[in-house]
Each structure stands twice: as structure tokens, then as C-alpha cells.
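**Q** If you scroll down you'll find the structure; I have some questions about it.
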Amino acid sequence: MMTTRRQFIQTAFGSAALVSMSHSVPAVLLGASRQTALSGEDRILIVIELGGGNDGLNTVVPYGDENYYKNRFTLAIGRNDVLKIDDHVGLHPSLRGFSKLLEQQQLAIVQGVGYPNPNRSHFESMDLWHTAHRVSENAHLGWLGRCVDESPVLAGELPAIHYGDGRQPLALGTRTRQVASINSLEQFRLNVGNKRKFTDTIRGDLAIRRDSNNELLGFIHESAGLALRTSERIENVLDTSSTARDFPGTSLGRKLAAISQLVDSGLPTRIYYVTHNGFDTHSNQAAAHSGLLSELGDAIAALMTDLQQRGHDKRTAVLTFSEFGRRVRENASRGTDHGTAAPLFIAGGAVRAGLTNKHPGLTELDQGDLKFSTDYRNVYATVLDKWLGIDSTPILGKSYDSLDLFRV
Amino acid sequence: MRIDPISAWSAWRPDEREPWNLMRAAHLMRRAGFSSSPDQLDVMVQDGFDVSVDRLFACDGAKVFDESMESTEQVLSSAQDPNALASWWLLRMVKSPTPFLEKMTLFWHGHFATGAEKVADSRSMLRQNRLLRDHALGKFEPMVQGISQDVAMLVYLDSTDNRKTRPNENYARELMELFCLGPGNYSEDDIKELARCFTGWEVRRNEFRFNKNQHDQGEKTVLGKNGKFDGDEGVRIVIDHPATSDFIARKLINFFVTDDVVDGPFCEPVAKTLRESDFDFSIAMRQILSSKYFWSSQCIGKKVRNPVEMAIGLIRGLGINFNMNELRDRLAALGHLPLFPPNVKGWEGGRHWINASTFIGRVNLVRQLVSGAPATFEAGSLAKAVGTRDGQQSGDWLPRLLDGFLPIPLQPSSLSSLTAIADRNGDGQDQRIADMITTLAGMPEFHLN
């Protein structure tokens, strides 16, 4: 069964929260600067890829379902340990950062996200998430890259930034414009002796056209120009803006701290992309998964606090996703194998907090795996149409209904 | 433009129109090695094309060099620091008298990608590295049989346990998808059946062993063949599949010849050589490196210089004494640290090497190599390393240096910019040359291979 419409929403703390939210002041009544902040023109999306396949069942735990305990004989999270959201599900105890965000109405949880005919290969399933199921059309175009190519909303300089090492994610794959990858802000400083002289010479050199038939040279030529321009902007950020404080010293914490600084610096960038890897927990999952989740929850909570203090929380949304969830039944190595549907999270000052859609049933399985209740492209459509103000239909190849995930 | 595959892979000979010269010798050494100094290139030019290619395959001096590295290896592998092992391999690339063998080993490492961080045992990583080097210019089957029982590989792929009742599918999947056939040439059932062949293959205390009690003795059907296959036979069936020669030919061509996507029909002459030689890589590589295509303008300069090629190439080309631990950290930041591939698919390569961040990192690394505090030169100075004599203007030595460095000529205006830096008044000669090479690294042509 494929559900394209939101089936029901349950807020974290019952209907009272929903009522109070409906009384929030309409954007048109707010001051000019605030109105801009809510008009979609400078809203920011931060995407966090959870690489390896996050175990959704031990992330949003169906502690009210005895089948969960039957299938997870060593890995189950005890009823008294989950951070309860409602009578049926609760968060992994390492996700204290997320439960704090729920209390502050800053976290939406979309349950049972997946797609038809699930693919259990890391590479292929990740490709589907990155390209939004149009692999055959052009293997190098990502769903966000397509926005960079096509949407006037992202026409400015540095529309998107991949923050991290490793290869650039396919999601940011573009046809016409390049997306910048940044390892660390400090590494973006040119260290070449006389920097002014160097940049002047190279800028002059890059102004000279090269053989237009040499495509590869053209690509590097364009990269060099983008690199110089980006480096200049980043150095400016480093020299003028204040670094983020109170972030955990984890890998993800450092990445989000840098992104918070970039957001605050007034960079025109609308999309940031980071990865958080290690979720392929085939053996001895418990400790590793717990560490990964606390790193995730704590880093996002710190980010929201920092953005709130700097006045950017209402214009920022953080989307997490993973290529698949994991098998319902744990394996013989105290781990879990590749599965299908899983929950994803959207954090931000303007999200409609709480649970969206049903937790997949543990008795209605397909080859031992959960059936999805939300197509991931409905989530993408929501983020594009309702948050970034980008028409999702040409990006996703057809029209997908939006979910009710934002209070905008 | 369509190129006739038979003609593309037929033998190239230097002639008056396409003479054997410094630029062509440099092309050969950038691709089939890690570049050479202008003096070494001169020797190659004098010796001629055939002798130069023969020398790549002769691997003279490999044994003496290996022995000289042995004590270092023992110390490193007992130290259990995989980072130190990466520095050791970089040092091999810098010092080896047989750079082609190291380049082939780097290719196979990317093909049978295994990450030292997860393996977390230097001895196993070193053993795998030796296995790859031993077979790098040999035959495919002994290499694949070896890698299938290689401790580092099996640990990396979570395949240290393989019970009759619970066959581990991971190695069977990667053997077909990534090592031999490529996606689309096998079914999920083939994976399950091949996994049964590998039952009883285990790793215990960092040693491979066959546990007969855990081997599934029953009949299996793998890629259309039936029998009571064991693991060795399973590996052979996969290698013998017709898709293997095509898959391996493409990977060799993409690593050594061009970053462009190449299709099956175009690669067929190389695939045929593989099949007819029982996958002898010295024969296939000789065909590739002596082919009309390899020596055509369609290939020269049509790859992105990968970070290892860029750094080791400068170090070898200029005789730089550089700290390998420092180099290791910088290559890691550029996404190309040997023994630390991004995943089991290895390095994507090509345009993925270049983005805004790595471009700045590449320029900074070049600066560090020619002017950083840890950099000194075997020739005594950078000026001597690039081949200048007292009082010479850049016009006397720069063209030769650039012929060795770059696969395609610079724009005239770019050349003037470099000349102006090298010949400016004030500052020492080394300083001016370092600034010039740094500026060269900011030009797009420098990043081509």
C-alpha cells in the first residue's frame, strides 16, 4: 500500500501544542525583516546523510509492540529506557538531543519512509535517494543538483555547499554549474606565500579562454575560478564572523558548527550537505549505534540552539535521511542486515513538530522487511515546494503531494 | 567521433610526425609511473621508445629495493599503526626503482579496495599489499584466489564467518559486482549460490582457515554452472564468465588511459588480449601503453592528475626530500590516501578529484612541496633541481621543465606570467622558482595528466 497523503499527525505532546501553534502570528503581520525571513527567499536547508543504513527500528522504537521485542532479542531498547513520544513509540535513549527539540517544537519525525521495490544494495539505494529515482535519465544529476541547475531561487553565487571530505555526493550532481565542496574552513585558506600576487596572476590567467573543444580543461578551468572565489568568501567569513560555540567536539558537531558560522556570515548559500557515516551495523550494533545517534542528536540540538541565538532558527531546516533501514529480525552477530523503510527527521524553528504518518507494522512484513508508508519523494516535494520555494514537479519528474511538515 | 577499436589498440610507433621526445617520455612516466626528472626523461629519449617500455616491465632492481625496505616494514607492521603504513607506501612510490610496478599496485589496491582503518591490523594490510604487488603484472586468477582468502579483505567485508546454515553473502556479492563482472551480469540467486561455495572460509586470529565442518558440500548453481563447487572453483567460475575480461579491460583503460566513459565494443581488443593470455597483465598493459590510442591527442592530457600522481610526481620530478607523514595528512585531506579508500568501490577518480576545496588544497600542497619548511632538494637547491645554471634566464630552462610537467602546452600569456615571476628582480632564485611553480599549480593545465 502506498500512501501519498499525510494520514495523521500527532504532535509530541498532544493536541494542546497544536492549538497553541495555530495561534502563531501570520507572517504578513510581522516586521519587514522577519517577513523576509519567512518568505522563502532566504530559507536554508541542511541535509544530513546517514551513510550505511540507519536502523530505524532502534531509532524511533515501537516499544508498545511485543513483536519488536520478539525480533530484537538482544538489541531491543527496554520499555523503560525509551524516550517516550506517545503510547506506542519513543526515541532511542541516546537521542536526548532530539527529545529536547521535540519539547521545543523543533522536530518533525516522518515515519516509515521508503519507496516501492526496495533495493538493498548500499550503492544503488543511495543512488535512488540522491537522484530521486531518475537514475536511468542521467547518472550524474542529483535532486539538489537539478535545483541548482534549474531553479531561479538558486541562481546566485555558491547556491549549495558540500561540507566534508570524500567525494561530492551525487545528490549535488549538476549539469551546468559546479557545487563547492569544503573540507574545513581553515583548509580553504590559500597558503601560497604572497597571496595577493598569486590571486591576481591566476585571476588574470583564468580570464584567458582555453580551447573550447577540451572539455576536461574547461571543467578544471571553471573549478579553479570557483575555488578562488569561494576561498575569498570563506576567508572573509573566517576573518569577520564569530565561531560557533557550545558544539560537541564530534565529527558531526564540528561540521554543523562550521555550517552555523557560514549561515550567520551572510553567505548566499541555501543548501548545505553533510554526511554522518557508520550506520552499516551488521555486527555488535548496540554500542556503535548508540554512539552514532547521540552524535547526531547532540549535534543537531547544538545547531538549533546556536542558530536560535543568532536569529536564524526560523529560516533553517535540517533534513536527515539514510539509504535504507534494517531488517526487523536481528542477525546472529548482534547486528542487523540491510532492510527497507525507516523514519527520517526534520529539525528547525518552523517545522510542524511531532510524528507524521504511521510506524510500519511489524507483522505486515515483505520478505522480513518493513513496508513503507511514506514515499521519500513526498518528503522531497515538501522540502522543495513548502520550504525552499522551488517547484518540485520538474525536479522530481512528476507531481508529489506535500506533507504537512512546516508551519509556514 | 567514432574510433575504430582495432586500430585504436594496435601498436604505435614513433615517426617523424610523432617523434619520441621529452614530452612523450613524460606522458609515459606520468601514466605508467609517478613522473621522472628532466634528466631521467632525457635518458629515456636517448634510449628510445622500445627500450623505455621494456624497462618498465623488466622491473630491474625490485628485489634489492624490496630487501632495503624489509626492516622498515617489520618495524611498521609490528607498530600496528596503519597511518605509518600509508607513509611507508608513499615512500615506496617516491623511492622505488620500479615505479610502474607501484602504479600497478596502486591500481589493484583501488580495484580490491580495502580500508586500513577498519582492518585495524598493519600486518594483514602489509600482507595484502605484497599480494597485490606480487601479482600486479602477473595473472588475474592467482591474484583473485589470493585476495579471496586475504585476511584484510575478509575483515574489511565482514566475511570472517561463513557457516553452512548462514552463508555470508557479502564477499560473493562484491566478487561479482566490484571485482570481476560489474552490475547486471549476475542475479541475486547467483550471489546466494556463490556464497554457499565460500562456506567454511573463516578468519581466526588474523589467519585464514578452511573449516571443513562448516562447508556446504551440496550441489550449487553459479552463473549457469552446476556442481559441488568449493570456494576456489566458485572464484574460477566467476573469472571465466565472459563479462570479466570486458570489466577488467575497462577498469585498466580508465585508470591508465582516459577518464572518458569507454564502452564494451571499444575495449574489446584489450579484453580479447586478456582472454587469450589467460589474463596476463604484462601482456595487456604492454598493448595498452604501446597503443595508438594511448599516444593520441585523445588521451594525452585527458585525465585528471590524481593527488598521489601530483604529489609523488613533483617529489620524484624535482628530487624533493619531503616528510612522508606530512604528505600523508595532506593527501588524506585531498581524498587520496593509499590504504584508506573511501569504500569498497575504491576511488571514483576522474573529475571527482577536483572541486573548490581540493583545488585550493592542491595548490597549497604544491606550495608546501616546493617551498615548505620540511622541503629540501637532492640537487641542493630548487634552482638546481629544475636544471638552471648560474645567471640563466628562465627562457633557457623553463620550456624543458614544462615539457616534463605538462601534457599540453600553456597559453602564451600563461607562459609570460611564469617567466615574469621567475625572472623578476629581487628575492633569491629558489624563492622565485617556488613562486613560479605555485602559480603554475593555479593554472588549469597543471591538473591534467
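Values quoted throughout were computed directly from the atomic coordinates according to the rules given, and no laboratory measurement underlies them. As the structure is a computational prediction, the values presented were derived from the model and not from experiment. All Cβ positions, even for glycine, are placed from backbone atoms using ideal geometry, and neighbour counts span all protein chains on display.
**Q** Antiparallel DSSP bridges in chain A: what percent, to the nearest 5?
**A** 40 percent
**Q** With all pairs of different alpha carbon atoms counted, what Kirkwood hydrodynamic radius in Å does region B:5-81 show?
**A** In region B:5-81 this quantity evaluates to 15.1 Å.
**Q** So what is Rg over Rh here for region B:79-158, counting just Cα atoms and using Kirkwood for Rh?
**A** Rg divided by Rh gives 0.95.
**Q** How high is the FRET efficiency between A:N213 and A:D87 when r is their beta carbon distance and R₀ equals 51 Å, given to the nearest 0.05?
**A** Computed FRET efficiency for A:N213 and A:D87: 0.15.
**Q** By how many nm would the segment from B:E207 to B:Q74 lengthen if fully extended, with 0.36 nm per residue of separation less the alpha-carbon distance?
**A** 46.1 nm is the gain from fully extending B:E207 to B:Q74.
**Q** Amide H to amide H, which residues 5 or more places from B:K220 or on other chains are under 5 Å from it, using H placed in the peptide plane?
**A** Long-range HN contacts for B:K220: B:G227, B:K228, B:F229.
**Q** May I pose another question? Of the DSSP beta bridges with both residues in the protein assembly as shown, give the percent that are antiparallel, rounding to the nearest 5.
**A** Approximately 55 percent, going by the DSSP bridge assignments.
**Q** Figure the gain on full extension for B:S7 and B:R163 (residue separation times 0.36 nm, minus the Cα-Cα span) and round it to one decimal in nm.
**A** Separation in residues times 0.36 nm, less the Cα-Cα distance, equals 51.1 nm.
**Q** Largest first and in whole Å, give the semi-axes of region A:305-348's equivalent ellipsoid, each being the square root of 5 times a Cα gyration tensor eigenvalue.
**A** The answer is 35, 11, 6 Å, longest axis first.
**Q** Compare A:L355, A:L365, A:L344 in a GNM of chain A, Cα atoms joined below 10 Å, and give the one with the largest fluctuation.
**A** In this elastic network of chain A, the residue with the biggest mean-square fluctuation among A:L355, A:L365, A:L344 is A:L365.
**Q** As an exercise, identify the GluC sites (Glu not before Pro) in region B:262-353 lying in DSSP coil whose Cβ has no more than 16 other Cβ atoms within 10 Å.
**A** Here the sparse-neighbourhood loop sites are B:E348.
**Q** Give the angle, between 0 and 90 degrees and rounded to the nearest 10, that separates the Cα long axis of helix B:242-256 from the longest principal axis of the Cα atoms of chain B.
**A** The answer is roughly 20 degrees.
**Q** In addition: Once phi is turned into θ = phi - 60°, what whole-Hz ³J(HN,Hα) does the Karplus curve with 6.51, -1.76 and 1.60 give for every residue of region B:166-173, x standing for Gly and Pro?
**A** Per-residue couplings from phi come out as 9, x, 8, 7, 4, 5, 4, 5 Hz.
**Q** Please identify the GluC sites (Glu not before Pro) of region B:25-100 that satisfy two criteria: DSSP loop assignment and at most 12 other Cβ atoms within 10 Å. Which are they?
**A** none
**Q** For the residue pair B:D280 and A:Y69, what label-to-label distance in nm results when each label sits 7 Å from Cα along the Cα-to-beta-carbon direction?
**A** In this crude spin-label approximation the distance works out to 6.8 nm.
**Q** Ok, one more. Name the trypsin sites (Lys or Arg not before Pro) in region B:131-218 that are in a loop by DSSP and that have at most 15 other C-beta atoms within 10 Å, would you?
**A** The qualifying sites are B:K164, B:R205.
**Q** Another one. GNM, chain B, Cα, under 10 Å: largest mean-square fluctuation among B:S68, B:S187, B:S35?
**A** B:S68
**Q** For B:L448, enumerate residues with amide H under 5 Å from its amide H, sequence gap 5+ or separate chain, H modeled in the peptide plane.
**A** Result for B:L448 returns B:R305.
**Q** Select from B:A385, A:S242, B:N306 the residue farthest towards the positive end of the dipole of the protein assembly as shown; place +1 on Cβ of Lys and Arg, -1 on Cβ of Asp and Glu, and compute about the Cα centre.
**A** Comparing the listed Cα positions along the dipole, A:S242 ranks first.
**Q** What shape does chain B have by the C-alpha gyration tensor, where a ≥ b ≥ c are the square roots of the eigenvalues, rounded means a/c under 1.5, and otherwise prolate means a/b greater than b/c and oblate the rest?
**A** Verdict is prolate for chain B.
**Q** Same structure again: Calculate the mean, over all residues of peptide A:226-236, of how many other protein chain Cβ atoms lie within 10 angstrom of the residue's Cβ.
**A** Across the residues of A:226-236, the mean count of other-chain Cβ atoms within 10 Å is 3.
**Q** Residues with amide H under 5 Å of A:N183's amide H, sequence separation 5 or more or different chain, H placed in the peptide plane at 1.01 Å from N; which?
**A** Distant-sequence amide H within range of A:N183: A:G164.
**Q** Here's another thing I want to ask about it. How high is the FRET efficiency between A:F123 and B:D81 when r is their beta carbon distance and R₀ equals 22 Å, given to the nearest 0.05?
**A** 0.10
**Q** Quick one: grab the alpha carbon gyration tensor of the protein assembly as shown, order the square roots of its eigenvalues as a ≥ b ≥ c, and give me rounded if a/c is under 1.5, else prolate or oblate depending on whether a/b is larger than b/c.
**A** Here the protein assembly as shown falls in the oblate category.
**Q** Could I ask something else about it? If exposed means no more than 15 neighbouring beta carbons inside 10 Å and the site is in a DSSP loop, what's the longest run of chain A without any exposed GluC sites (Glu not before Pro)?
**A** Excluding the exposed sites themselves, the longest stretch runs over A:158-363.
**Q** Another question, if that's okay. Using the Karplus equation 6.51 cos²θ - 1.76 cosθ + 1.60 (θ = phi - 60°), what ³J(HN,Hα) coupling, rounded to whole Hz, does each residue of region B:99-106 give in order, writing x for Gly and Pro?
**A** Karplus values, whole Hz, x for Gly and Pro: x, 4, 4, 5, 5, 4, 5, 5.
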